[in-house]
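These notes concern the structure reproduced below.
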């Protein structure tokens, strides 16, 4: 029994969101390097960027744990599963980002009021920020690929970037968090790099404080976007229209199904719960109708994105009830 429990725990870890795990490790390394560089040079922009990287590392740790717990199978007490657990952990991450953003903006305001010259470490700052761009850029590309994979979009080359922005709403909550945070991380590191170079060459020290505030504001933007997405997820949100159309197509492809009377598809985390009332051709016995119902359920549950299916059956009423526009109506 103990070995089975261990095996189950290991399998859950393997199902955890890979993007958040990689981002956690990468941002922890970057944050340590930035804090050292910031202490040596006294750069506020480097400090702000370090705070952002630290927030990212902490967040991704929370999110990775949440992604593991959300993969647990439904139980008698929690029959719909644990998909929304990841939304709770992402909301915790939002709180961390907000606190870090406040500290960053406060530091930027302090630097505007009391600008200070760099005490050295110019090349150290440059190397650290280039390392930041390399690691966060790699994580961002990985998150973009993950978004396309979760959205089942077969994009290649530069289309991966376009597909990531187009399909980000269809990605799992942890993948979306990694995408938004590393998008800001790459932007923040670029701004910090510009600030370090300009303030060193021109002695325009106010730019350091301005850059620090901008990075803090970008972090607030991430907190708002991620917070809104996960608040909606906690309430319960209808599946995207293309998911609903895919489910309807699976149902209607059965030769004995004539129509869909009602359908509701609820998204929980990265998974979907399907409830539908389907119409079958006339003249079937109760035993045959039950067999068809179970056959349709099996086809739907075979989809890796669907974890729960409830199907009701009625005889064809002779009226066309289902159209793509009616998708998402409550059962």
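Some points to look at:
- Contact order relative to length of region 53-134, as percent, for alpha carbon pairs under 8 angstrom and 6 or more apart: 28
- Cα-projected label distance for residue 76 with residue 290, points at 7 Å along beta-carbon direction, nm: 2.4
- Rounded FRET efficiency, nearest 0.05, which uses the C-beta distance separating residue 103 from residue 255 and R0 of 56 Å: 0.35
- Label sites at residue 241 and residue 127, each approximated as a point 7 angstrom past Cα along Cα to Cβ, lie 5.4 nm apart.
- Sequence-distant contacts, meaning Cα pairs under 8 Å at least 6 residues apart, place the relative contact order of region 139-183 at 50 percent.
- Helix 206-235 and the longest principal axis of the Cα set of the chain meet at an angle near 20°.
- Label separation (residue 32 vs residue 158): 3.8 nm, computed from points 7 Å beyond Cα along the C-beta direction.
- Calculated FRET efficiency, residue 317 to residue 95, Cβ-Cβ distance, R0 = 41 Å: about 0.20 to the nearest 0.05.
- Cα-based Kirkwood hydrodynamic radius, region 2-235, one decimal, Å: 18.4
- Relative contact order, percent, the chain [alpha-carbon distance under 8 Å, six or more residues apart]: 19
- Spread of Cα-to-Cα distances over 5 Å intervals beginning at zero, given as percent, for region 231-303: 3, 15, 27, 22, 14, 9, 6, 3, 1, 0
- Relative to the dominant Cα principal axis of the chain, helix 2-15 is inclined by about 70°.
- Only beta bridges with both residues in region 241-326 are counted; by DSSP, about 55 percent of them are antiparallel.
- Prolate/oblate/rounded call for region 59-159, Cα gyration tensor, a/c under 1.5 rounded: oblate
- Rounded Å value of the spacing that divides the Cα centres of region 172-212 and region 58-129: 16
- DSSP-defined beta bridges in the chain - what % are antiparallel, rounded to 5: 55
The numbers here are math on the coordinates, done by the rules we state, and not lab data. Small disclaimer: the values here were computed from a predicted structure and weren't measured. No Cβ is skipped: glycine too gets one built from the backbone with ideal geometry, and neighbour counts run over all protein chains shown.
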